[in-house]
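> Okay, handing you the structure first.
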Amino acid sequence: MSELTVKSGQGGARTRELVAAGIGKRYRAERRFRIFGLVAIVSALVFMALLFASIIGKGYTAFVQTEIRLPISYDVAVIDPEGVRDAAEMRRANYGKLYRDGIQSLFPEVEGRTDRRLLNGLVSSGATFEIRDAVIDSPDLIGKKGEIWVPAADDVDMLVKGRIDRNEPENTRRVSDKEIAWVDALQKDGRLETRFNWRFFTQGDSREPELAGIWGAVAGSFLTMLVTLLLSFPLGVATAVYLEEFAPKNRWTDIIEVNINNLAAIPSIVFGLLGLAVFLQFFGLPRSAPLVGGLVLTLMTLPTIIIAARVSLKSVPPSIREAALGLGASKMQMVTNDVLPLAMPGILTGTIIGMGRALGETAPLLMIGMVAFIVDIPHGFTDPATALPVQIYIWADSAERAFVERTSAAIMVLLAFLIVMNAAAVILRSRFERRW
Amino acid sequence: MENSHVRDAMHTPTETEGSAAAMGAKIQAQGTNVHYGDKHALKDVTLDIRAGEVTSFIGPSGCGKSTFLRCLNRMNDTIDGCRVSGTVMMDGEDIYDPKIDVVQLRARVGMVFQKPNPFPKSIYDNIAYGPRIHGLAANKDELDEMVVTSLEKAGLLAEVKDRMDSPGTGLSGGQQQRLCIARAIAINPEVILMDEPCSALDPIATAKIEELIDELRENYTIVIVTHSMQQAARVSQRTAFFHLGELIEVGDTEQIFTNPRHKLTQGYITGRFG
Amino acid sequence: MPFSFLLLVLAGLAVISYRFGTARARAVAPGRQSQLHSRPMYHGLYAAMWCGVPALLIATLWVAFQPLLVKGLVMGGLPDAYQALPEARLNLVWNDIRNLAIGDVVRAQPAPEIQAAADTFHRLYAIGNSALALLCLVLAIAGASFALRRVSLTLRARNQVEKVITVFLIASSMVAILTTVGIVLSLLFESLRFFTKVPPLEFLFGLHWSPQTALRADQVGSSGSFGAVPLFTGTLLISLIAMCVAVPVGLMSAIYMSEYAHRKFRAIAKPMLEILAGIPTVVYGFFAALTVAPFIRRFGEGMGLSVASESALAAGLVMGVMIIPFVSSISDDVINAVPQAMRDGAYALGATKSETIRNVIVPAALPGIVGGVLLAVSRAIGETMIVVMAAGLAANLTFNPLDAVTTVTVQIVTLLTGDQEFDSAKTLAAFALGLVLFCVTLALNVFALHVVRKYREQYE
Ligand SMILES: Nc1ncnc2c1ncn2[C@@H]1O[C@H](COP(=O)(O)OP(=O)(O)O)[C@@H](O)[C@H]1O
Ligand SMILES: [Mg+2]
């Protein structure tokens, strides 16, 4: 009770003193807290920087490929012993012998089976196709001699790119001293160069890293995304329009709404299980097909698009609707002619974001068999195919060192696609952003 | 046109005030201007707040009463884009001086808001919050005593002493507002600012708060913003009338309500606008 | 005729019908346009719909059910010796037939009856496709001519068109429901089949998981190799590590962004943080497996600890980083929902910024933050690629973050990738795991959304 009678002056002075006494400590705590916050943000950003740096650092070399210039004698006896110049027949010829002869001719001093085999191993087995295609393209090469650039084997490629340490002891190194000497000799002669790796962008998968490309995966992703877009966009917009403009507010629409929100949070792999059980097992659609991938990703992407489209429809002011109805338009006309065009930028932005997420999605595609080893480029919606992120997963699982570089490069390509898509979404949003 | 007319008239009362009451002034504002971005919300206000008195601010809504009130404990610092110029002296010190620390200033100038805003904590913790952060209590017993004293002063003790641990948000509106007053006086400030403390309350709760303000006057300098002229007349000794960001007239409450010097003041208190 | 070509032809026919429809509508009312009930455009749309919609419906149904039909016919035509085979063997036979027919490489010379069945398969498909094409064309043309004949002054074409569109809208909104139903049914159905082979209690509470060793039928269940507890603990351990990273970092970032950061800093840092959410998980997985795990291993060994090369720590850390933007954006929402009055109350008492945040804002926002964290947990539990690539397959029952553990999602992927016969206990186990995953994440989400909604209402 004594406090009650204290005059304000004295009480105030005591407060002032005590506050002043504690203030230094409190400001130090303040500073610490602030620094924690900054550290949190900075550490997240540093992690991201490390991630990008590590992937670019590992992957940039995949855009070039070590190649060897071999002298080839296009021997008639090997290519076309019957002399009929039949393309199908010529495809089956033993071109391996030609490139092996070529590399042997550069090192005539190499003797013995093991050494020769080692020497042959400098060149990728893909040289076969390189020479074959050259011959099929211009059959008049046959019987002549010529030079041709062929890809080097992955170990040589890694060595040249400095990914294999020359100073490591020989018994733990992937390439022997002999091979290093040959490579150096080839390099000195100007017969070994790193050149732009066009195969990486034009070829399908391969067991040989130096021959493996992403084109098959990109084509698979494209087909899958096409199915996803063609299905999820109309379905998503239709659902949003129905819920936002037509549906009565009742139990049933509530259920639909709750259901959509929950679907958005279901782990993607569950959609894969759905695809496996329903599309593959029940309906018997083909495994590994972009069609099925697209169906699964559609179901996964739909909630995103629906939610974005509803937000966008909601933001169209009621005055627009009233004006349209006032002019005697039917409700459907009002929606299709007045509301949807105004909501479209927002809907498209949401769709792009949803498609971006679908493009990076891997897990559900594993469930429906798109993880198979597929060399051929898919041309239709039911051809066996893989997708870019799945290709990344497959390569990341491979043992060869050279696949690390390919994987990182494929990641860079995937990220590039995503950046383009998101940039498009950002531009679309800022270009059409309307303030009512 | 109206504006220039107002500006001329304004200087008469404030200038005479400035010289007359300098010795009893707890707070002296001199040429205070406030901008919110481009908006000039408070224009050149010069006003003294006397110690140990209740001063009320009246005026139509949007005229800058709250803005001026918030200048007095630098609450405007928390608003993005708000600039304050001019000087506000408290006990002869400019509170906008860079050397002045807002934390210490606000410990001396408490504030009660229009809408009761108890923290989502127990009643006890609500009151104890100020003393705790400022380290005013040396031990638990002292803190208990502070809490009890403040509740007592705020006239809330009898109603809540059995449920000190229940959440403060569970009280009625009037109780919440008295809780907020108790929270403010727990740190024993010198000045208490109240921004329309009764506007969200029913008449009975309002009467209690007004009674409380009258009691608190003994120990604290009080500034109250109010929408209700009757309230200003009931609780305050001095009244300041604001209009469109300007201080039009300030004087003893009696005089303002019975014999306003300015036409605008007269118009407002007779209910012709506002 | 390939299906996509058929679709193109149908689309073309629909466009032509549209043209005819509008033209006819104009023709029936020369100079009396205003007397048409609906504008010519709607007559066109009306015709196009009659042309395209029935054919499209039939085509879709056909494509969906043709494989079932063909399978029934082909398998029904096999000799009795085959009919008597158990279901699992029959499925293998069916696979052989299909591979043979599609032209995939087949290991050995096929038995003559298999070859015959494959031929039947081929023939049925060929017949089916031509029949479908024919049927569609007939339907399209019949529909279009029916519609065109009905074009008149009084035809309420617009109403008809709008009715069809409304039906389409309603049907679209059913897709979401059907998806959920499909998920629940397929998971339940396959899980029940699994539980006939392995008792549910053993699955849920068994401590030993090694499905790869359960090769023979008599080993299944009796050997107890389908005890999923190690997977649950592994999932929990990794999620816990992820939360230990994501919650403090995400929450502190959100606090710093919304309470301290300058506008310019926020304008840059916020979208940067959101990039983390846009990186595909397979990229995180690669980074975790190739960079973080070896780093942790080397670091741990430098300190004399034994660290598994696929440690739970690496996967958990990276997953945590992935979830940071999720936690921070939810925290940001929640913190901004705390009314300004609450902050004002604290500031007016002379609290510093951090005191206001720690003592007032965070406690006030706590229910919302908890809801957000639960949503993040459900993310972590369902996350697949990071753990598949970085956590490995060892089903260890441990809570040591330096050991290797495996998770529910990893096992689902492992059990279902590669060539598996569909009805084996192994593949069915994946569905049982999927069911558990679905139930847990659904429960977490429903609960978390409820908490968050209650929180929002409190401050509205
Ligand atoms: N945070 C703010 N940002 C911008 N303008 C403000 C802000 N707060 C108040 N204002 C403006 O300043 C003027 C004075 O406001 P205020 O002091 O709240 O008036 P009163 O309390 O007298 O009703 C009003 O016109 C109001 O619109
Ligand atoms: Mg006000």
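The values are calculated or read from the model by the stated rules, or taken from the named source; none is laboratory data. This is a predicted model, so every value here is computed, not measured. Virtual Cβ from ideal backbone geometry, glycine too; neighbours counted across all protein chains shown. Side chains included, ligands, DNA and RNA excluded: accessible areas come from the protein's heavy atoms. Shrake-Rupley method; radii C 1.70, N 1.55, O 1.52, S 1.80 Å.
> Kindly indicate which of C:Asn359, C:Asn396 is open to solvent by 30 Å² or more (accessible area, probe 1.4 Å) and in a loop (DSSP other than H, G, I, E, B). It would help to see each step written out before you state the result.
Values: C:Asn359 fails: in a loop (DSSP other than H, G, I, E, B).
Sole residue among the options that is open to solvent by 30 Å² or more (accessible area, probe 1.4 Å) and in a loop (DSSP other than H, G, I, E, B): C:Asn396.
> Which residue out of C:Arg123, C:Arg158 is open to solvent by less than 70 Å² (accessible area, probe 1.4 Å), basic (Lys, Arg), at negative phi and part of a helix (DSSP H, G or I)? If you could, list the steps in order and put the result at the bottom.
Numbers: C:Arg123 fails: open to solvent by less than 70 Å² (accessible area, probe 1.4 Å).
Only one candidate passes the filter, namely C:Arg158.
> Any residue at all in segment C:357-377 that is within 14 Å of chain A (Cβ to nearest Cβ), modelled with pLDDT of 90 or more and within 30 Å of C:Ser210 (Cβ to Cβ)?
Yes, because at least one residue in segment C:357-377 is within 14 Å of chain A (Cβ to nearest Cβ), modelled with pLDDT of 90 or more and within 30 Å of C:Ser210 (Cβ to Cβ).
> What is the number of the single condition among (1) in a helix (DSSP H, G or I); (2) open to solvent by 20 Å² or more (accessible area, probe 1.4 Å); (3) not assigned by TED's automatic domain parsing to the domain that holds A:Glu405 that A:Glu210 does not meet?
(2)
> Report yes if some residue within segment B:189-202 is open to solvent by less than 10 Å² (accessible area, probe 1.4 Å), within 16 Å of ligand 1 (Cβ to nearest atom), out of contact with any Lys or Arg (no Cβ under 6 Å at 6 or more places or on another chain) and within 12 Å of another protein chain (Cβ to nearest Cβ); otherwise report no.
Checked against the condition, which is being open to solvent by less than 10 Å² (accessible area, probe 1.4 Å), within 16 Å of ligand 1 (Cβ to nearest atom), out of contact with any Lys or Arg (no Cβ under 6 Å at 6 or more places or on another chain) and within 12 Å of another protein chain (Cβ to nearest Cβ), segment B:189-202 yields at least one hit.
> Could we say that A:Phe222 is within 23 Å of A:Ile68 (Cβ to Cβ), away from chain C (no Cβ under 14 Å) and part of a helix (DSSP H, G or I) here? Quick ask: steps written out before the conclusion?
Values: within 23 Å of A:Ile68 (Cβ to Cβ): no; away from chain C (no Cβ under 14 Å): yes; part of a helix (DSSP H, G or I): yes.
Spelling it out, it is not the case that A:Phe222 is within 23 Å of A:Ile68 (Cβ to Cβ), away from chain C (no Cβ under 14 Å) and part of a helix (DSSP H, G or I).
> State yes or no: is B:Glu210 modelled with pLDDT of 90 or more, out of contact with any helix residue (DSSP H, G or I) (no Cβ under 7 Å at 6 or more places or on another chain) and either open to solvent by 10 Å² or more (accessible area, probe 1.4 Å) or over 21 Å from B:Thr67 (Cα atoms) (or both)?
no
Conditions (1) within 22 Å of A:Pro389 (Cβ to Cβ); (2) hydroxyl-bearing (Ser, Thr, Tyr), marked per residue:
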residue: A:Ala181; (1), (2): no, no
residue: A:Asp184; (1), (2): no, no
residue: A:Gln187; (1), (2): no, no
residue: A:Gly190; (1), (2): no, no
residue: A:Arg207; (1), (2): yes, no
residue: A:Glu210; (1), (2): no, no
residue: A:Ile214; (1), (2): yes, no
residue: A:Gly220; (1), (2): yes, no
residue: A:Thr224; (1), (2): yes, yes
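> Just to be sure I understand, how many residues within segment B:50-80 are away from ligand 2 (no atom under 16 Å from the Cβ), open to solvent by less than 50 Å² (accessible area, probe 1.4 Å) and not in a strand (DSSP E or B)? Walk me through how you get there before you give the answer.
From segment B:50-80, those away from ligand 2 (no atom under 16 Å from the Cβ) are B:50-54, B:74, B:77, B:80; that's our starting set.
After this cut, where a residue has to be open to solvent by less than 50 Å² (accessible area, probe 1.4 Å) as well, the list is B:52-54, B:74.
Still in the list and also not in a strand (DSSP E or B): B:52-53, B:74.
Here the count works out to 3.
> All but one of (1) within 14 Å of another protein chain (Cβ to nearest Cβ); (2) charged (D, E, K, R); (3) open to solvent by 70 Å² or more (accessible area, probe 1.4 Å) hold for C:Arg89; state the number of the condition that does not hold.
(1)
> A further question on this structure: Given the criterion within 29 Å of A:Ala264 (Cβ to Cβ), modelled with pLDDT of 95 or more and of a type in the set (Val, Ile, Thr), identify the matching residue among A:Ile411, A:Ile353, A:Ile347. Can you show your working first?
Values: A:Ile353 fails: modelled with pLDDT of 95 or more; A:Ile347 fails: modelled with pLDDT of 95 or more.
That would be A:Ile411, the only listed residue that is within 29 Å of A:Ala264 (Cβ to Cβ), modelled with pLDDT of 95 or more and of a type in the set (Val, Ile, Thr).
> Inspect all residues belonging to segment A:424-436 and state whether any of them is free of Cβ contacts under 8 Å to residues at least 12 places away in the same chain and within 23 Å of A:Thr301 (Cβ to Cβ). Step through it out loud before you land on a result.
Step one: filter segment A:424-436 for residues free of Cβ contacts under 8 Å to residues at least 12 places away in the same chain, giving A:426-427, A:430, A:435.
Still in the list and also within 23 Å of A:Thr301 (Cβ to Cβ): A:426-427.
The answer is yes, given that some residue of segment A:424-436 is free of Cβ contacts under 8 Å to residues at least 12 places away in the same chain and within 23 Å of A:Thr301 (Cβ to Cβ).
> Looking at segment B:106-124 only, could you name the residues that are within 10 Å of another protein chain (Cβ to nearest Cβ) and either surrounded by fewer than 19 Cβ atoms within 10 Å (Cβ to Cβ) or over 24 Å from the mean Cα position of the chain (by Cα) (or both)? Even if it seems obvious, please write down each step before you answer.
Step one: filter segment B:106-124 for residues within 10 Å of another protein chain (Cβ to nearest Cβ), giving B:106-121.
B:Gln114, B:Lys115, B:Pro120, B:Lys121 - these are the residues of segment B:106-124 that are within 10 Å of another protein chain (Cβ to nearest Cβ) and either surrounded by fewer than 19 Cβ atoms within 10 Å (Cβ to Cβ) or over 24 Å from the mean Cα position of the chain (by Cα) (or both).
> I'd like to check something: does segment A:265-282 contain any residue that is touching a residue at least 40 places away in the same chain (Cβ under 8 Å), on the phi > 0 side of the Ramachandran plot, under 26 Å from the mean Cα position of the chain (by Cα) and in the same structural domain as A:Leu366 (by TED's automatic domain parsing)?
No: segment A:265-282 contains no residue that is touching a residue at least 40 places away in the same chain (Cβ under 8 Å), on the phi > 0 side of the Ramachandran plot, under 26 Å from the mean Cα position of the chain (by Cα) and in the same structural domain as A:Leu366 (by TED's automatic domain parsing).
> Taking the options C:Ile255, C:Ile323, C:Ile296, name whichever one is over 27 Å from the mean Cα position of the chain (by Cα) and more than 9 Å from chain A (Cβ to nearest Cβ). Show your work before the answer.
Values: C:Ile255 fails: more than 9 Å from chain A (Cβ to nearest Cβ); C:Ile323 fails: over 27 Å from the mean Cα position of the chain (by Cα).
The conditions single out C:Ile296.
> Do any residues in segment A:168-194 that are among the small types (Gly, Ala, Ser) have Cβ atoms under 9 Å from those of residues that are open to solvent by 30 Å² or more (accessible area, probe 1.4 Å), where the two are at least six apart or on different chains, and which pairs are they?
Listed pairs, sorted by first residue: A:Ser176/A:Leu118; A:Ser176/A:Glu170; A:Ala185/A:Leu106; A:Ala185/A:Arg191; A:Gly190/A:Arg69.
> Enumerate the pairs (first residue in segment C:436-460 and facing another protein chain (nearest Cβ under 10 Å); second residue anywhere and assigned to a helix (DSSP H, G or I) and open to solvent by 60 Å² or more (accessible area, probe 1.4 Å)) with beta-carbon separation below 7 Å, excluding pairs fewer than 6 apart on the same chain, so at least 6 apart or on different chains.
C:Leu449/A:Asn261
> Still on this structure, I have one more. Would you point out which residue out of B:Arg50, B:Arg70, B:Arg83 is away from ligand 1 (no atom under 12 Å from the Cβ) and modelled with pLDDT of 90 or more? Walk me through it before giving the result.
Values: B:Arg70 fails: away from ligand 1 (no atom under 12 Å from the Cβ); B:Arg83 fails: away from ligand 1 (no atom under 12 Å from the Cβ).
When all the criteria are applied, what remains is B:Arg50.
> Would you check which residues across segment B:125-137 are over 17 Å from B:Gln177 (Cα atoms) and either within 16 Å of ligand 2 (Cβ to nearest atom) or within 7 Å of another protein chain (Cβ to nearest Cβ) (or both) and list them?
Answer for segment B:125-137, where residues must be over 17 Å from B:Gln177 (Cα atoms) and either within 16 Å of ligand 2 (Cβ to nearest atom) or within 7 Å of another protein chain (Cβ to nearest Cβ) (or both): B:Ile133, B:His134, B:Gly135, B:Leu136.
> Considering only residues of segment A:241-264 that are in a loop (DSSP other than H, G, I, E, B) and among the hydrophobic types (A, V, I, L, M, F, W, C), which is nearest to the other protein chains (Cβ to nearest Cβ)?
Among residues in segment A:241-264 that are in a loop (DSSP other than H, G, I, E, B) and among the hydrophobic types (A, V, I, L, M, F, W, C), the one nearest to the other protein chains (Cβ to nearest Cβ) is A:Ala247.
> Restricting attention to segment C:134-155, which residues are in a helix (DSSP H, G or I), of a type in the set (Val, Ile, Thr) and either open to solvent by less than 30 Å² (accessible area, probe 1.4 Å) or under 15 Å from C:His37 (Cα atoms) (or both)?
We begin by selecting, within segment C:134-155, every residue in a helix (DSSP H, G or I); these are C:134-150.
Then keep just the ones that are of a type in the set (Val, Ile, Thr); that gives C:138, C:141.
Of everything in segment C:134-155, nothing turns out to be in a helix (DSSP H, G or I), of a type in the set (Val, Ile, Thr) and either open to solvent by less than 30 Å² (accessible area, probe 1.4 Å) or under 15 Å from C:His37 (Cα atoms) (or both).
> Right, another one. Grab the helices (runs of 4 or more DSSP H) fully contained in segment A:344-436, keeping just those with 2 or more residues being in the same structural domain as A:Pro234 (by TED's automatic domain parsing) and open to solvent by 40 Å² or more (accessible area, probe 1.4 Å). It would help to see each step written out before you state the result.
Working: elements: A:363-367, A:388-396, A:402-432.
The qualifying helices (runs of 4 or more DSSP H) are A:402-432.
> Name every residue in segment B:149-206 that is modelled with pLDDT under 90, within 16 Å of ligand 2 (Cβ to nearest atom) and either of a type in the set (A, V, I, L, M) or not in a loop (DSSP other than H, G, I, E, B) (or both), in order of residue number.
Hits for segment B:149-206 are B:Ala200, B:Leu201.
> Still on this model: Mind checking which pairs have a first residue in segment B:63-86 that is on the phi < 0 side of the Ramachandran plot and within 14 Å of chain C (Cβ to nearest Cβ) and a second that is open to solvent by 40 Å² or more (accessible area, probe 1.4 Å) and away from ligand 1 (no atom under 11 Å from the Cβ), Cβ under 8 Å, 6 or more apart or different chains?
B:Cys71/B:Val84; B:Asn76/B:Val84
> State whether one or more residues within segment A:163-183 are within 28 Å of A:Leu118 (Cβ to Cβ) and within 14 Å of chain C (Cβ to nearest Cβ). So that I can check it myself, show each step before the final result.
Looking only at segment A:163-183, we keep the residues that are within 28 Å of A:Leu118 (Cβ to Cβ), and these are A:163-183.
Now narrow it down to the ones that are within 14 Å of chain C (Cβ to nearest Cβ): A:163.
So far as segment A:163-183 goes, yes, one or more of its residues are within 28 Å of A:Leu118 (Cβ to Cβ) and within 14 Å of chain C (Cβ to nearest Cβ).
> For segment C:56-86, which residues satisfy the criterion of being assigned to a helix (DSSP H, G or I) and more than 13 Å from every other protein chain (Cβ to nearest Cβ)? Give the steps one after another, and end with the answer.
Start the filter on segment C:56-86 by keeping residues that are assigned to a helix (DSSP H, G or I), which leaves C:56-76, C:80-83.
Residues satisfying the conditions are C:Leu57, C:Ile58, C:Ala59, C:Gly76, C:Asp80, C:Ala81, C:Tyr82, C:Gln83.
> Now, a different point. Assuming C:Val388 fulfils every condition listed in (1) within 20 Å of C:Val327 (Cβ to Cβ); (2) within 14 Å of chain A (Cβ to nearest Cβ) apart from one, which condition is it?
Answer for C:Val388: the failing condition is (1).
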